[in-house]
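Colleague: Got a structure here, written out as structure tokens. Questions coming.
The values are calculated or read from the model by the stated rules, or taken from the named source; none is laboratory data. All figures in this text were calculated on a predicted structure; none of them were measured in a lab. Note that we place each Cβ from the backbone using ideal geometry, even for glycine, and neighbour counts take in every protein chain shown.
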Amino acid sequence: MADSLSPATRRAFVMGAACSGLTLSGGFHQALAAVDPKAMMPSLQPGYQPLDKDERGLWMQIEQVEEDAKKSNFIIRDGALNTYLTDLCCKLAGDFCPDVRIYVFRTPYFNASMYPNGMMHIWSGLLLRTQNEAQLAAVLGHEIGHYLRQHSLKRWRDIRSKTAAYGFLSVPLLFVSGGIGALALQMAMLGSIFANNREDEREADGFGLQLMEKRGLAPDQASVIWQQLIEERNATAKAQGKKKAKAEPIFFATHPQSAERMIDLSVAAKAMQAIGKTYEDGKDRFSAAVGPLRGSFFDDQLKLEDFGGTDFLLQQLARDGWTGELLHYKGELYRQHGQEGDYAKAIAAYSEAITKTDVPAEAHRGLGYTLLKTGDKAAAQIAFKQYLELRPAAADRAMIEFNLQ
Ligand SMILES: [Zn+2]
């Protein structure tokens, strides 16, 4: 079972990523040349191997990280999900398909990262936030773009000439032991070695759009998912009574965002679309692969105790309507928050959830506990009985029976 991050750990690893100073190294105020997504070309060939001794050394260290990743307890090994993500990456990477390998990690933050040897990490928090295949492809295509332009190798060469930061790579990662917090801290530090500058980001965005367009996935979904991430960060800050979020999303530590990026992206997406060609969002394929695991991703998200961000996320996911599962998690969120008026909102959400066919049995349990909090023991017992009827072998059966006495 994943443990949650303490606020101190969360601060520490975001600082770990940001304090390297690498994210600022591109020079935020310099003018950047426009990138034409259609004209983006890879800077390497399929089947690429490291060229010189330095690069071979870097690969050897990254290969050790990859070996450790394979054994990690945090890897999601669900066959259908892995097949789906591998196929999608393959579709996007085209001739480079055999060079890219994906590893899906169970950690609730929005993140994906690409390493110089073709290893790609995808975090479950990303899968929780994307709503269709086109949005997911926008992020994966962006990461593949970094690979095709060899950005991480370039950044590594840059900083290695300036600092001794590459010593980070000798730190063994806590892929097997340790909690999600410690793992995320180390992964963020590792990622910060390869932090991109804004010029790299534009190229990766350009490539992302190009790869989406080639596969018939709607390019305009790219700006939707990036914009949603920014708005979620703002919602987190607002609920904490702050103008600015305490910590930037991990993804932004290695992929700096800029105000003009969203405008560039949506303009470029329009220019990218061929007249008369139809594009799809691939929602059905995405839902079939990710849907069965979404509950477990939500359970992890709740452990972050990020009320504002999670509430915003639920509203985004419910844009096409509130399902039983989404209503259940709305109930869980408000029950956990437990401030004035929250229990009433939780009871309303659970009560609506249990009228839907896709509701998890746990909605009855959540309803029971919330009713207990409000002093309605008789109604709580009805809900608990319903939960046990649906889940006779529940792990918490003894606790529920205690509440039925
Ligand atoms: Zn990037």
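Colleague: Looking only at the stretch 114-135, which residues are more than 15 Å from the ligand (Cβ to nearest atom) and under 13 Å from the mean Cα position of the chain (by Cα)?
Modeller: Ser124, Gly125, Leu127, Leu128, Arg129, Thr130, Gln131, Gln135
Colleague: Kindly indicate whether Gln221 is within 19 Å of Tyr109 (Cα to Cα) and either within 15 Å of the ligand (Cβ to nearest atom) or not charged (D, E, K, R) (or both).
Modeller: It is false that Gln221 is within 19 Å of Tyr109 (Cα to Cα) and either within 15 Å of the ligand (Cβ to nearest atom) or not charged (D, E, K, R) (or both).
Colleague: Shifting gears a bit: Every residue in the stretch 252-264 that is surrounded by fewer than 24 Cβ atoms within 10 Å (Cβ to Cβ), touching a Phe, Trp or Tyr at 6+ places or on another chain (Cβ under 9 Å) and part of a helix (DSSP H, G or I), please.
Modeller: Those that are surrounded by fewer than 24 Cβ atoms within 10 Å (Cβ to Cβ), touching a Phe, Trp or Tyr at 6+ places or on another chain (Cβ under 9 Å) and part of a helix (DSSP H, G or I): Arg261, Met262.
Colleague: Let me ask something else. With respect to Asp87, determine if the residue is under 17 Å from Met40 (Cβ atoms), away from the ligand (no atom under 16 Å from the Cβ), at pLDDT 95 or above and in a helix (DSSP H, G or I).
Modeller: Spelling it out, it is not the case that Asp87 is under 17 Å from Met40 (Cβ atoms), away from the ligand (no atom under 16 Å from the Cβ), at pLDDT 95 or above and in a helix (DSSP H, G or I).
Colleague: For residues that are under 22 Å from Trp123 (Cβ atoms), away from the ligand (no atom under 16 Å from the Cβ) and modelled with pLDDT under 75, tally how many sit in the stretch 231-270.
Modeller: Within the stretch 231-270, residues that are under 22 Å from Trp123 (Cβ atoms), away from the ligand (no atom under 16 Å from the Cβ) and modelled with pLDDT under 75 number 3.
Colleague: Okay, moving on. Among what's in the stretch 299-335 and is of a type in the set (S, T, N, Q) and part of a helix (DSSP H, G or I), pick the residue that is surrounded by the fewest Cβ atoms within 10 Å (Cβ to Cβ).
Modeller: Result: Gln315.
Colleague: Would you check if Arg155 is in a helix (DSSP H, G or I), at pLDDT below 95 and within 14 Å of the ligand (Cβ to nearest atom)?
Modeller: yes
Colleague: Same structure, new question: Report yes if Lys70 is of a type outside the set (A, V, I, L, M, F, W, C), surrounded by 10 or more Cβ atoms within 10 Å (Cβ to Cβ) and modelled with pLDDT under 90, otherwise no.
Modeller: Against the criterion (of a type outside the set (A, V, I, L, M, F, W, C), surrounded by 10 or more Cβ atoms within 10 Å (Cβ to Cβ) and modelled with pLDDT under 90), Lys70 does not qualify.
Colleague: Can you pull out the residues in the stretch 353-384 that are farther than 21 Å from Thr323 by Cβ, of a type outside the set (Gly, Ala, Ser) and in a loop (DSSP other than H, G, I, E, B)?
Modeller: Those that are farther than 21 Å from Thr323 by Cβ, of a type outside the set (Gly, Ala, Ser) and in a loop (DSSP other than H, G, I, E, B): Thr374, Asp376.
Colleague: Please indicate, with yes or no, whether at least one residue in the stretch 269-278 is among the hydrophobic types (A, V, I, L, M, F, W, C) and under 18 Å from Tyr109 (Cα atoms).
Modeller: no
Colleague: Looking at the stretch 214-251, which of its residues are small (Gly, Ala, Ser) and assigned to a helix (DSSP H, G or I)?
Modeller: Listed by number, the residues that qualify are Ala222, Ser223, Ala235, Ala237, Ala239.
Colleague: Criterion first (touching an Asp or Glu at 6+ places or on another chain (Cβ under 6 Å), within 14 Å of the ligand (Cβ to nearest atom) and not aliphatic (A, V, I, L, M)) does His146 satisfy it?
Modeller: no
Colleague: Please enumerate the residues belonging to the stretch 368-389 that are farther than 19 Å from Ser296 by Cα and either under 33 Å from the mean Cα position of the chain (by Cα) or hydroxyl-bearing (Ser, Thr, Tyr) (or both).
Modeller: Within the stretch 368-389, Gly368, Tyr369, Thr370, Thr374 meet the criteria.
Colleague: May I pose another question? Against the conditions (1) in a helix (DSSP H, G or I); (2) touching an Asp or Glu at 6+ places or on another chain (Cβ under 9 Å); (3) closer than 30 Å to Leu153 by Cα, where does Leu293 fall short? Just the number, please.
Modeller: Only one criterion is unmet by Leu293, namely (3).
Colleague: The conditions are (1) under 16 Å from Gly295 (Cα atoms); (2) modelled with pLDDT under 95, and Tyr350 fails exactly one of them. Which is it?
Modeller: Tyr350 satisfies all of (1) under 16 Å from Gly295 (Cα atoms); (2) modelled with pLDDT under 95 except (2).
Colleague: Could you figure out which of (1) at pLDDT 95 or above; (2) within 15 Å of the ligand (Cβ to nearest atom); (3) of a type outside the set (Gly, Ala, Ser); (4) closer than 28 Å to Glu55 by Cβ isn't true of Asn111?
Modeller: For Asn111, the failing item is (1).
Colleague: Report, by residue number, each residue of the stretch 274-290 that is buried (at least 17 other Cβ atoms within 10 Å of the Cβ) and either in contact with a Cys (Cβ under 9 Å, 6 or more places away or on another chain) or part of a loop (DSSP other than H, G, I, E, B) (or both).
Modeller: Listed by number, the residues that qualify are Tyr279, Asp281, Gly282.
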